Each structure stands twice: as structure tokens, then as C-alpha cells.
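*Asks:* If you scroll down you'll find the structure; I have some questions about it.
The values are calculated or read from the model by the stated rules, or taken from the named source; none is laboratory data. Keep in mind it's a predicted model, so treat the numbers as computed, not measured. Cβ placement follows ideal geometry from the backbone for every residue including glycine, while neighbour counts extend to all protein chains displayed.
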Amino acid sequence: MAVHDQDPYSTNYVDADPAETQEWSDSLDAVIDERGRERGREIMLNLLKRSKERHLGVPMIPLTDYVNTIAPEDEPEFPGDEQIERRYRAWIRWNAAMLVQRAQREGVGVGGHISSYASQATLYEVGLNHFFKGYDHPEGGDQVFFQGHASPGNYARAFLLGQLGAEDLDGFRQQQSAAPHGLPSYPHPRQLREFWQFPTVSMGLGPLNAIWQAQANKYLENRGIKDTSGSHVWAFLGDGEMDEVESRGQLQFAANQNLDNLTFVVNCNLQRLDGPVRGNGKIVQELESYFRGAGWNVIKLVWGREWDDLFARDESGALLNLMNVTPDGDFQTYKAENGGFVRENFFGRDPKALELVKDYTDEQIWGLKRGGHDYLKVYAAYKAAIEHKGQPTVILAQTIKGYGLGPHFEGRNATHQMKKLTLEDLKNFRDQMHVPITDAQLEENIYQAPYYHPGADDEAIQYMVERRRALGGYVPERRSKYTQIALPEAKTYDITKKGSGTQPVATTMAFVRLLKDLIRSKDFGARIVPIIPDEARTFGVDAFFPTSKIYNPNGQHYLSVDRELLLAYKESAQGVINHVGINEAGAVGSFTALGSSYSTHGEFTVPIYMFYSMFGFQRTADSIWAAADQLARGFFIGATAGRTTLAGEGLQHMDGHSHVIASTNPAVVAYDPAYGYEIGHIVRDGIERMYGGEHPNPDVMYYITMYNEPIVQPAEPEGLDVEGLLKGIYLLRGTSASGPRVQLLASGVAVPWALEAQEILEREWNVAADVWSVTSWTELRRDGLAADEHNWTNPEEEPLTPFVTKRLAESTGGPVLGVSDYTHTLPDLIRQFVPGDYATLGADDFGISDTRPAARRFYKIDSHSIVVRALQQLAVRGEIDRSVVAKAIEAYDLHNPKAGTSGTAGGDA
């Protein structure tokens with residue numbers, strides 16, 4: 001029988017010789033009975049190893065028993081004073097709960113979360129007292145992704161350390177109404193710039209971004225930009241959060257990159273927002289299997305020290321069996337009941353297990369803690385994690401949601417939404433935390449229950465401060481000073497000003513030529529990081545492969561199939577290009593980490609992420625928003641942009657709305673340039689704003705769309721209106737022709753159609769048209785909105801005029817028509833600021849596969865559609881007869897896509 005005739009995972013696997021198999025089973029039983037379970041385990045592990053060497057196809061079991069990975073005898077000695085740490089941990093827990101409780105006072109009532117921090121206070125405190133390094137540590141700082149809903153705990157700790165005052169805590173979730181003492185609800189660097197480093201409450205993005213932060217650390221080290229070998233990335237995650245696709249989607253990448261500078265701590269309190277994570281299953285076991293299969297080192301932290309004696313005496317394995325078969329729903333219920341209930345419903349299910357606790361009181365049974373609440377166990381897990389090499393580590397820590405808050409909160413399905421403690425809850429919680437606050441203080445007003453701080457001279461506070469001093473300062477903390485490097489010289493941008501002569505060149509290629517010179521620029525060029533999601537050849541970036549090379553920390557240990565070619569695929573540990581594979585989510589994670597390296601490491605890099613524009617903003621808009629929250633800086637390059645320029649392929653690849661999505665992100669400065677020289681000025685402006693150190697708001701990201709349609713790139717015109725180009729609009733080509741007049745506003749690839757329409761209008765209809773290049777509809781809108789708000793909120797001051805209004809007021813008049821390769825929504829952004837009559841054209845339907853001319857005629861955004869729409873506008877104004885419009889429609893066969901002529905061939909995907 002061949003080895004692979006039967007699936008070894010199948011439940012219907014047929015044993016060819018059951019009698020012989022039983023003899024082997026009996027032999028194993030005999031070894032265990034005589035030599036113990038540990039010896040039996042050793043034999044089985046060696047047999048599994050040998051079966052792999054002999055290629056038997058036996059699956060390696062990805063699961064271990066539902067117990068701690070680290071045995072009690074292997075636990076290191078705890079280096080701190082557990083009693084002192086326990087004392088101020090209780091104060092932090094009290095203050096965190098009171099922060100939320102006081103936020104429910106009359107007239108405020110802004111909500112908050114109490115139970116999340118309660119479940120992971122120990123997980124935080126062990127790290128903050130013994131592991132998490134601050135900026136000033138000799139080895140450099142760690143990067144800690146704190147769980148979003150547990151932010152009250154971070155604020156409460158900062159209160160004891162003196163970072164925040166009581167007035168700040170009372171400003172929780174009241175950023176404006178309690179300013180300057182308002183605190184954001186969750187970790188948010190943009191809203192609390194000197195405190196938070198990483199925004200984490202958009203579920204799933206924290207784990208993904210933590211992986212790419214660890215990768216960025218290795219990248220900076222391998223590139224020689226910063227020694228990050230002592231920095232460690234920690235991510236605190238929820239077991240429910242691990243259901244997000246982003247939470248698990250990059251696990252194999254972390255293992256492939258050997259990110260041993262990364263530790264996930266998954267708070268397995270067995271509950272998500274509404275109820276159990278896996279009521280009928282076991283989330284710890286599921287995650288162990290998943291992470292181990294992805295190549296991670298797994299440390300299970302399930303039970304506290306009180307269980308050690310029980311496991312040691314469990315010679316029959318009865319207790320171990322109960323652990324393995326009890327579902328999470330039952331474990332949750334046990335901690336919502338009492339010791340007697342646990343005795344009867346857990347231990348009582350097996351007489352041998354019940355015998356183990358016959359001398360235990362109900363109180364002792366109730367005191368059997370979960371592993372994530374045990375200081376010694378947590379310390380052992382963290383120490384093992386940072387000492388493990390070659391793999392990322394995940395710690396699966398079992399806890400109780402609402403731990404210590406009393407029977408109304410602990411383990412309850414509704415505990416995530418519960419934010420008010422009754423007077424009874426307050427008194428019980430105070431007693432459990434040993435906080436010296438009187439009944440009278442609580443009874444006076446339960447929503448003004450006081451915070452507790454013993455004073456800066458208290459022994460525990462002094463200990464706490466010293467621990468942070470030894471570890472290099474506050475965590476969390478955010479700094480923004482970084483090493484200054486000279487910007488590229490002006491001549492670096494000259495290549496974009498020359499045009500392409502007679503050679504048709506797409507704007508994507510014009511940008512790539514500029515990028516090549518930027519990378520060559522002295523000092524600054526070494527900070528540029530191209531990020532490519534497996535489309536380098538489409539964008540022309542494959543020309544960088546042989547020289548800049550693709551970053552791979554493991555180097556290249558294979559013989560490349562194209563090694564003899566000029567543009568051979570080359571990988572290197574010192575490679576520049578971050579080639580992330582078909583992985584837009586990972587690319588934005590890389591962008592975010594590298595784009596904020598100026599803050600995390602004091603050394604800036606310039607991430608330039610090139611992508612199919614459709615799969616950039618649409619697919620990863622939430623991640624880009626998180627990048628904005630993290631104050632990342634860099635360039636997004638939306639290549640193969642527009643709804644009609646991707647000849648033939650079309651469909652989902654056709655982007656008609658990325659600029660509309662980009663307009664919703666306040667940190668995104670979006671441009672839709674038509675020509676290479678426009679790109680040069682925009683890129684230079686972006687570099688000077690983000691990295692020059694002089695702009696009042698450098699914390700932005702530039703989004704620039706590029707097209708793959710080859711056109712002759714014009715040289716930069718004499719007397720170019722650079723101010724207008726950067727603000728969003730400039731007059732590209734006026735006319736001295738007589739007759740009725742129109743103003744044509746176009747962006748990106750639509751500019752050539754508008755220029756063609758200008759010629760047709762004059763030649764065939766005696767209409768004079770001015771053509772304006774709109775480089776940014778979004779920036780024009782923002783400028784207009786700012787002027788509008790200033791005017792209506794400052795009625796006695798001189799009114800401001802929006803830039804687009806001012807520029808068009810200087811024109812020769814007539815109706816205004818806006819057009820782009822995007823939906824109507826984009827040119828409609830400036831409607832309220834356009835003086836006079838304004839109409840727009842747009843590609844509002846789904847994408848299609850066709851030629852460029854046919855697609856543009858189908859959407860009615862081509863040159864002849866512009867002509868007809870302009871004529872219609874003039875007819876409405878009575879400047880020409882309506883019959884002229886009908887005549888034009890017939891002459892151009894406007895409704896026939898096959899009649900379209902706007903566009904070139906080539907540049908296909």
C-alpha cells in the first residue's frame with residue numbers, strides 16, 4: 001500500500017493490522033505506567049521525529065495539553081518585589097475603574113470600558129516593570145501596541161507616575177470640552193502626540209502593524225540606518241480580535257522573516273464584545289494550532305501557581321483530561337459563580353479529579369487563578385519569549401474579563417459594555433484592592449468616587465518610578481525629533497522638466513525616472529524605501545532590481561532563473577526595495593512602520609508605496625486611516641490609475657473613485673497630475689513639507705495618481721504657475737479666439753482630451769475655451785472650506801476668497817466644465833466654490849474591459865463628450881441655439897462607444 005493512499009487526518013482512516021497496533025499501544029502504556037508520562041512523551045517525540053526522517057507522512061500534532069507550556073520547575077526567579085508591585089497594581093486598577101466611573105457623572109456620560117483592563121492588568125504590569133524599554137534605554141526603545149479598550153489602565157498608571165494629573169483623568173473622552181486636559185478614548189498618537197505611539201482599536205490592524213513594525217526594525221538594522229537589535233515589539237491583543245482577517249493574515253510572513261523581535265500577547269479571557277469567543281470550543285487550543293502551523297513559537301499561559309500542586313498530584317491524568325475536554329463556555333461560567341459551583345460542576349465530573357480537592361475549601365477552589373493573573377507565570381513567559389531566537393513568539397494568556405470587579409462584572413457576557421459600578425460594587429472592589437478610601441467618600445456621590453495616589457514619596461511610587469528609570473523612561477511615550485538630513489538638490493528634479501521629446505511616456509514612467517534620481521541623491525537617497533506589492537514590472541520598477549535589490553533578511557540562496565538578464569531578480573539582506581508580495585494590507589503596514597520611523601527610532605525613512613490605485617485606497621482605506629492616526633509620512637503612488645486608462649484589463653482594476661476616498665482622510669494630500677513636470681513639483685513639495693523641518697503640519701501623506709497610457713510628455717512651460725499647480729489649479733492653455741467662451745477644468749489623463757476638445761470647439765463650433773489643469777480637486781475643496789468657515793465664523797473680518805474662485809474670476813468667463821477619469825463626485829467637490837454655471841462629467845458606472853477610446857466614449861468623458869457638454873452649457877445660457885447641441889451629438893455619434901477616438905494604445909497591463 002502506498003503511503004499516501006489514505007489521508008492521515010481522516011477520521012475514517014482504516015488500520016491495516018489492528019492487533020499489532022494494539023500491541024504497540026500496550027507497550028506505550030507500559031512505559032508510561034513504569035517510567036511516567038514524561039518518559040512516554042520523550043519516546044513519542046522521538047518517534048515523530050524519526051517518522052519525519054523516514055518520510056512516512058505522519059502529521060506533526062500542533063496541539064499540546066491545556067496546561068502551561070513552562071513547567072513550574074523551569075520558571076526563573078522573579079527579580080522584583082512582588083508585594084510592592086501588587087500594591088500599586090491595585091491602585092492602578094482602582095484608578096482605571098474610577099476614570100470610567102467618573103466619566104458617567106451627570107452632564108458627561110461619555111462611556112468607557114472597565115473590564116478589558118481589569119483582565120490584563122497583570123500582563124501589562126509585568127512588562128512595564130521588567131521588560132518594556134523606553135526611548136532612553138541603551139539598547140533603544142521597545143514598541144508596545146497596547147490594546148485599545150484597555151486605555152484607562154495606561155492613563156491610570158501615568159497618573160501615579162506623574163505624567164497625568166487628576167484633571168486629565170477627568171477629561172477622559174472629552175477632548176474638546178475638557179481641553180487642554182481632554183484624553184482620547186483609545187490609543188491615538190494624533191490626538192495625544194506625546195503619549196501614544198500606536199493606534200490599535202481598529203480591530204485587526206494592531207496585530208498586522210505590529211508584525212510590520214518588527215519587520216521595519218530589522219530592515220533599518222540591515223540597511224545600516226539604525227541599530228535596532230535591542231528593540232522588541234510587543235502587541236497586546238484580544239482573543240476575539242484574532243477572528244479579524246488582518247489579525248491572522250500575516251502570521252506566516254512574520255515566521256518567514258524570522259521576526260524573533262516580536263511577541264504577541266493574546267489576552268484569552270474567552271469573551272468578545274457580546275459573548276464567548278468559542279463557547280463550544282477552546283480558543284487557546286485553536287490559536288495554538290494556528291500559530292504553530294504558521295511557524296511561531298507558542299507559549300501557553302493558562303493556569304496560575306495555585307494549580308501546580310494539583311497537576312503534580314494528578315497521576316491518573318483525570319484533571320488533565322478535564323482541562324482538555326471542558327469547553328470555554330463552561331470555563332467562563334465557572335468564574336461567574338463560586339467555589340462550590342466549580343467543585344461540583346468541574347472537579348465533580350471525574351471522581352479522581354474531585355479527590356484532588358477533597359481538602360480544599362470552596363474559597364481555596366475559588367482562588368485557583370488563571371495564568372494571565374499570576375505575576376510569576378507571566379514573568380516566566382515574557383522572559384522565555386525574548387530569549388527565544390529564530391521565530392516570533394505568541395503568548396496565549398488565559399484571564400477573566402472584569403477580573404476583580406466583583407460578581408456583577410467577572411465573566412459576564414455583558415461586561416464589555418458595563419461602565420457603571422453600584423455602591424456595593426465600589427465598596428467590594430475597594431476592599432479587594434485595599435484602597436484606603438472611606439465609605440463616606442463613596443457614598444457622597446458614586447460618580448465622583450475619588451482617585452487614589454499615596455504621594456510621590458511613597459515607597460511603592462518610588463519603586464515604580466525607579467523601575468521605569470532603569471528601563472529607559474515612560475512607556476507609552478512618543479517623541480518626534482529625528483536626525484536631519486539634507487534634502488535633494490533642485491537639479492534632482494530637472495529630469496521631469498525636460499519632457500519626453502517625441503517619445504510617448506506614461507506618467508508612471510516619468511515618476512520612475514524621477515525616483516531613480518532621488519534614490520541616487522546624496523544621503524537622502526538612502527532613506528527612500530520603495531514598497532511594491534508584486535507589481536514592479538507593471539510599474540517599471542523592475543529596473544531597480546539589479547542595483548537597489550529586493551530586501552530579504554535571509555539573502556538569496558537559490559539560482560535565479562533570470563540571472564543572465566540585465567534586469568535580474570536579486571534579493572539581499574541589504575536590499576532597498578520592500579517587495580511584500582501580493583499583499584496590499586502588508587504594504588500599508590510596512591508604509592506605516594517606515595513612515596513613522598522618525599518617531600519610533602529618531603531616524604526618518606521615505607516610504608514610497610506604488611500600487612494599482614484601485615487596490616490601494618479601496619481595499620486598505622482603514623489601514624491608511626490608521627497610518628494617518630500614527631502620523632506616518634510618505635508617498636502613496638496610485639499607478640495604473642483612472643477608470644479608463646487600463647486598456648483591455650479593466651473591470652475591478654479600473655479606479656474611478658480612489659481620489660474620492662482619499663478626500664475623506666484629513667492627512668492625505670491628494671494630487672492627480674497630468675504631466676511629468678507637475679509630478680516633479682508635487683514630489684519636491686511633499687519632500688520639503690514632510691522632511692524639511694519647517695512646515696507647521698508635516699504629518700501628512702501624499703497620494704499621487706499615475707497613469708499607464710503613453711503620451712508625449714511636454715516640457716515645463718515658461719512662467720509656469722507653480723503656486724497654482726501646488727494649490728490645485730493653473731491655467732494650462734488659454735486662447736485668444738473670439739466667440740462664446742467656456743472654461744474647461746481637467747485633471748490627470750483627462751487633460752489631453754480637454755486640449756483636444758479646445759481645438760474642436762474652436763475649429764468646428766467657433767467656441768473659445770481655456771484649459772485649466774486641476775492637479776488637486778481635494779486641495780481646492782479644503783482651501784474653499786477653510787475660507788468659507790473663516791468667513792461665517794468671523795463676520796467682521798475681511799472675507800477670504802477660495803483659491804479656485806479667485807483663479808476662475810481672473811479667467812475670460814463663460815460656463816465652467818469639470819472632467820476627470822473618475823466619477824462625477826471628484827470634480828463636484830469644488831462645485832460651491834466655482835463662480836457661475838458649473839457642470840461635470842464623470843465615469844460613474846462599473847468598470848469594463850475595452851479599449852481606452854471606447855471606454856471613454858461609453859462613460860462620456862472623452863474629447864467629443866466634453867465638446868457636446870460645453871455646447872449644451874452655452875445653449876442653456878442662450879449663447880448658441882439648442883439645435884447645435886443635437887447636431888453635434890449626431891455628428892459625433894455620441895452614444896456609440898465604437899466612435900470614440902480619445903486615447904492611445906500601449907501601456908497595457
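*Asks:* Does ALA380 meet the test of being hydrophobic (A, V, I, L, M, F, W, C) and in a loop (DSSP other than H, G, I, E, B)? Walk me through it before giving the result.
*Replies:* On the way: hydrophobic (A, V, I, L, M, F, W, C): yes; in a loop (DSSP other than H, G, I, E, B): no.
In short, no.
*Asks:* Could I ask something else about it? When region 844-874 is examined, which residues are found to be within 19 Å of THR775 (Cβ to Cβ) and in a loop (DSSP other than H, G, I, E, B)?
*Replies:* Applying the first criterion (within 19 Å of THR775 (Cβ to Cβ)) to region 844-874 yields 861, 866.
The one that is within 19 Å of THR775 (Cβ to Cβ) and in a loop (DSSP other than H, G, I, E, B): ILE861.
*Asks:* Given the structure, is ALA158 part of a helix (DSSP H, G or I), at negative phi, buried (at least 24 other Cβ atoms within 10 Å of the Cβ) and among the aliphatic types (A, V, I, L, M)? Step through it out loud before you land on a result.
*Replies:* Numbers: part of a helix (DSSP H, G or I): yes; at negative phi: yes; buried (at least 24 other Cβ atoms within 10 Å of the Cβ): no; among the aliphatic types (A, V, I, L, M): yes.
No; evaluated as a whole, the condition is false for this residue.
*Asks:* In region 313-339, which residue that is in contact (Cβ under 8 Å) with a residue 24 or more places away in the chain and more than 43 Å from the chain's Cα centre (by Cα) is surrounded by the fewest Cβ atoms within 10 Å (Cβ to Cβ)?
*Replies:* ARG313
*Asks:* Let me ask you something else. What about GLU288, is it at negative phi, modelled with pLDDT of 95 or more, charged (D, E, K, R) and buried (at least 22 other Cβ atoms within 10 Å of the Cβ)?
*Replies:* Numbers: at negative phi: yes; modelled with pLDDT of 95 or more: yes; charged (D, E, K, R): yes; buried (at least 22 other Cβ atoms within 10 Å of the Cβ): yes.
Criteria met by GLU288.
*Asks:* Which one is farthest from TYR671 (Cα to Cα), of the residues in region 776-806 that are assigned to a helix (DSSP H, G or I) and β-branched (Val, Ile, Thr)? Explain how you work it out, then say what you get.
*Replies:* Step one: of region 776-806, the residues assigned to a helix (DSSP H, G or I) are 777-793, 803-806.
If we keep only those that are β-branched (Val, Ile, Thr) too, we end up with 778, 793, 804-805.
Numbers: THR778: 8, THR793: 29, VAL804: 15, THR805: 19 Å.
So the residue we want is THR793.
*Asks:* Need at least 1 residues that are in the same structural domain as LEU515 (by TED's automatic domain parsing) and acidic (Asp, Glu) per element, so show me which helices (runs of 4 or more DSSP H) inside region 543-639 make the cut, counting only ones lying wholly within it. So that I can check it myself, show each step before the final result.
*Replies:* Numbers: elements: 545-548, 584-595, 597-600, 613-629.
Result: 584-595, 613-629.
*Asks:* Exactly one of these conditions fails for GLN175: (1) at pLDDT below 95; (2) of a type outside the set (D, E, K, R); (3) within 27 Å of the chain's Cα centre (by Cα); (4) under 27 Å from LEU423 (Cα atoms). Give me its number.
*Replies:* (4)
*Asks:* Also: So how many residues does region 530-539 have that are within 18 Å of the chain's Cα centre (by Cα) and either under 23 Å from TYR598 (Cα atoms) or of a type in the set (Asp, Glu) (or both)? Steps first, please.
*Replies:* Initially, region 530-539 is screened for residues within 18 Å of the chain's Cα centre (by Cα), giving 531-533.
If we keep only those that are either under 23 Å from TYR598 (Cα atoms) or of a type in the set (Asp, Glu) (or both) too, we end up with 531-532.
Residues that pass the stated criteria total 2.
*Asks:* Then there's this: Somewhere in region 772-779, is a residue among the acidic types (Asp, Glu), under 39 Å from the mean Cα position of the chain (by Cα) and at pLDDT below 95? It would help to see each step written out before you state the result.
*Replies:* Our first condition is that a residue be among the acidic types (Asp, Glu); within region 772-779, this holds for 779.
So of that shortlist, the ones also under 39 Å from the mean Cα position of the chain (by Cα) come out as 779.
The next check asks that each one be at pLDDT below 95; those that pass are none.
Within region 772-779, not a single residue is among the acidic types (Asp, Glu), under 39 Å from the mean Cα position of the chain (by Cα) and at pLDDT below 95.
*Asks:* Considering region 220-235 alone, what residues qualify as being under 29 Å from MET203 (Cα atoms), in a loop (DSSP other than H, G, I, E, B) and either of a type in the set (Gly, Ala, Ser) or more than 23 Å from the chain's Cα centre (by Cα) (or both)?
*Replies:* Of everything in region 220-235, those that are under 29 Å from MET203 (Cα atoms), in a loop (DSSP other than H, G, I, E, B) and either of a type in the set (Gly, Ala, Ser) or more than 23 Å from the chain's Cα centre (by Cα) (or both) turn out to be SER229, GLY230, SER231.
Here's the yes/no breakdown for (1) farther than 23 Å from LEU376 by Cα; (2) in a helix (DSSP H, G or I); (3) not basic (Lys, Arg):
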position	(1), (2), (3)
SER247	yes, yes, yes
VAL266	no, no, yes
ARG292	yes, yes, no
GLY329	yes, yes, yes
VAL342	yes, yes, yes
LYS352	yes, yes, no
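*Asks:* Can you give me the number of residues within region 156-185 that are of a type outside the set (Gly, Ala, Ser), touching a residue at least 60 places away in the same chain (Cβ under 8 Å) and within 25 Å of ASN209 (Cβ to Cβ)? Show your work before the answer.
*Replies:* We begin by selecting, within region 156-185, every residue of a type outside the set (Gly, Ala, Ser); these are 157, 159-161, 163-164, 167-170, 172-176, 180-181, 183-184.
When the remaining residues are screened for being touching a residue at least 60 places away in the same chain (Cβ under 8 Å), the result is 157, 159-161, 163, 169-170, 172-174.
This time we only want the ones that are within 25 Å of ASN209 (Cβ to Cβ), so: 157, 163, 172-173.
Of the residues in region 156-185, 4 are of a type outside the set (Gly, Ala, Ser), touching a residue at least 60 places away in the same chain (Cβ under 8 Å) and within 25 Å of ASN209 (Cβ to Cβ).
Residue by residue, here is whether (1) among the aliphatic types (A, V, I, L, M); (2) crowded, with 16+ Cβ neighbours inside 10 Å holds:
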residue	(1), (2)
ARG689	no, yes
HIS695	no, no
THR705	no, yes
ILE711	yes, yes
ASP721	no, no
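*Asks:* Which pairs have Cβ atoms under 7 Å, sit 6 or more apart or on different chains, and link a residue in region 515-540 that is of a type in the set (Ser, Thr, Tyr) to one that is at pLDDT 95 or above and not in a loop (DSSP other than H, G, I, E, B)?
*Replies:* From region 515-540, the pairs are SER521/THR492.
*Asks:* Scan region 595-605 and tell me whether some residue there is more than 30 Å from LYS481 (Cα to Cα) and of a type in the set (A, V, I, L, M, F, W, C).
*Replies:* Checked region 595-605: no residue is more than 30 Å from LYS481 (Cα to Cα) and of a type in the set (A, V, I, L, M, F, W, C).
*Asks:* How about region 209-224: which of its residues are at negative phi, surrounded by fewer than 24 Cβ atoms within 10 Å (Cβ to Cβ) and out of contact with any His (no Cβ under 8 Å at 6 or more places or on another chain)?
*Replies:* Going through region 209-224, the residues at negative phi turn out to be 209-223.
Adding the requirement that they be surrounded by fewer than 24 Cβ atoms within 10 Å (Cβ to Cβ) leaves 218, 220-223.
Across region 209-224, the qualifying residues are LYS218, GLU221, ASN222, ARG223.
*Asks:* Can you give me the number of residues within region 696-724 that are closer than 26 Å to PHE833 by Cβ, in the same structural domain as LEU646 (by TED's automatic domain parsing) and of a type in the set (A, V, I, L, M, F, W, C)?
*Replies:* Summing the residues that are closer than 26 Å to PHE833 by Cβ, in the same structural domain as LEU646 (by TED's automatic domain parsing) and of a type in the set (A, V, I, L, M, F, W, C) in region 696-724 gives 3.
*Asks:* Of the residues MET701, MET690, MET654, which is out of contact with any helix residue (DSSP H, G or I) (no Cβ under 8 Å at 6 or more places or on another chain) and of a type in the set (A, V, I, L, M, F, W, C)?
*Replies:* Working: MET701 fails: out of contact with any helix residue (DSSP H, G or I) (no Cβ under 8 Å at 6 or more places or on another chain); MET654 fails: out of contact with any helix residue (DSSP H, G or I) (no Cβ under 8 Å at 6 or more places or on another chain).
Only one candidate qualifies: MET690.
*Asks:* To continue, here is another question. In region 418-437, is there at least one residue being assigned to a loop (DSSP other than H, G, I, E, B), closer than 19 Å to MET323 by Cβ, touching a residue at least 40 places away in the same chain (Cβ under 8 Å) and within 32 Å of the chain's Cα centre (by Cα)? Show your work before the answer.
*Replies:* Quick first cut of region 418-437, residues assigned to a loop (DSSP other than H, G, I, E, B) only: 418-422, 434-437.
When the remaining residues are screened for being closer than 19 Å to MET323 by Cβ, the result is none.
Looking through region 418-437, none of the residues is assigned to a loop (DSSP other than H, G, I, E, B), closer than 19 Å to MET323 by Cβ, touching a residue at least 40 places away in the same chain (Cβ under 8 Å) and within 32 Å of the chain's Cα centre (by Cα).
*Asks:* If you don't mind, there's one more thing I want to ask. Could you look through region 100-119, keep only residues that are closer than 26 Å to VAL378 by Cα and in contact with a strand residue (DSSP E or B) (Cβ under 8 Å, 6 or more places away or on another chain), and pick out the one that is modelled with the lowest pLDDT? Talk me through it step by step, then tell me what you get.
*Replies:* The first filter runs over region 100-119 and keeps only residues closer than 26 Å to VAL378 by Cα, leaving 113-119.
After this cut, where a residue has to be in contact with a strand residue (DSSP E or B) (Cβ under 8 Å, 6 or more places away or on another chain) as well, the list is 116, 119.
On the way: SER116: 86, SER119: 90.
Selected residue: SER116.
*Asks:* Let me ask something else. Could you check how many residues of region 661-688 are farther than 22 Å from ILE528 by Cα and more than 26 Å from the chain's Cα centre (by Cα)?
*Replies:* Number of matching residues: 2.
*Asks:* Continuing with the same structure: Is there a residue in region 780-791 that is in contact (Cβ under 8 Å) with a residue 60 or more places away in the chain, charged (D, E, K, R) and under 22 Å from ASP655 (Cα atoms)? Working first, answer last.
*Replies:* In the first step, residues of region 780-791 are kept if they are in contact (Cβ under 8 Å) with a residue 60 or more places away in the chain; the result is 781.
Cutting the leftovers down to charged (D, E, K, R) gives us 781.
Of the ones still in play, those that are also under 22 Å from ASP655 (Cα atoms) are 781.
Scanning region 780-791, I find at least one residue that is in contact (Cβ under 8 Å) with a residue 60 or more places away in the chain, charged (D, E, K, R) and under 22 Å from ASP655 (Cα atoms), so the answer is yes.
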